[in-house]
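Report on one structure; see the data block that follows.
The values are calculated or read from the model by the stated rules, or taken from the named source; none is laboratory data. Only a predicted model underlies this, so the values are computations on that prediction, with no experimental measurement involved. Neighbour counts run over all protein chains shown; Cβ positions are idealised from the backbone, glycine included.
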Amino acid sequence: MKNNIYQLIVKILNHEASAEDIISFSQWLSEGENNRDEFRILKSYWDGEIKFIHNVNPDLSYEKTIQKILSEQKAGKAKKRIIWGFSVAASFLFLTGAGLLLTNKTF
């Protein structure tokens, strides 16, 4: 009987129970507080597992993590290129300005 009730509970929790299954389940629940407590415990585990399945997919989490790392690395390289470009431009302007000042002072 225990295996049958567990199969029935799975049908109930999956929303796959027939009218006859629902009647049998209701009768089982009405047999005592122990049955209601057992169902509450099983349902809490069931709900927890469903939430876990929907919230954490290891493959998807791994892929998202890799993508985030790669995008941060690309962003870091882009920032370094921009900083390097500004450094080169600033050096060029400084040297050009210094050269113009030195040539104007000598004349």
Pairs returned, first residue in region 25-40 that is closer than 16 Å to Y6 by Cβ, second residue that is exposed (fewer than 11 other Cβ atoms within 10 Å of the Cβ) and at pLDDT 90 or above, beta-carbon separation under 9 angstrom, 6 or more apart or interchain, are R36/S30
Among the helices (runs of 4 or more DSSP H) confined wholly to region 10-107, which include 3 or more residues that are modelled with pLDDT under 80?
33-55, 58-106
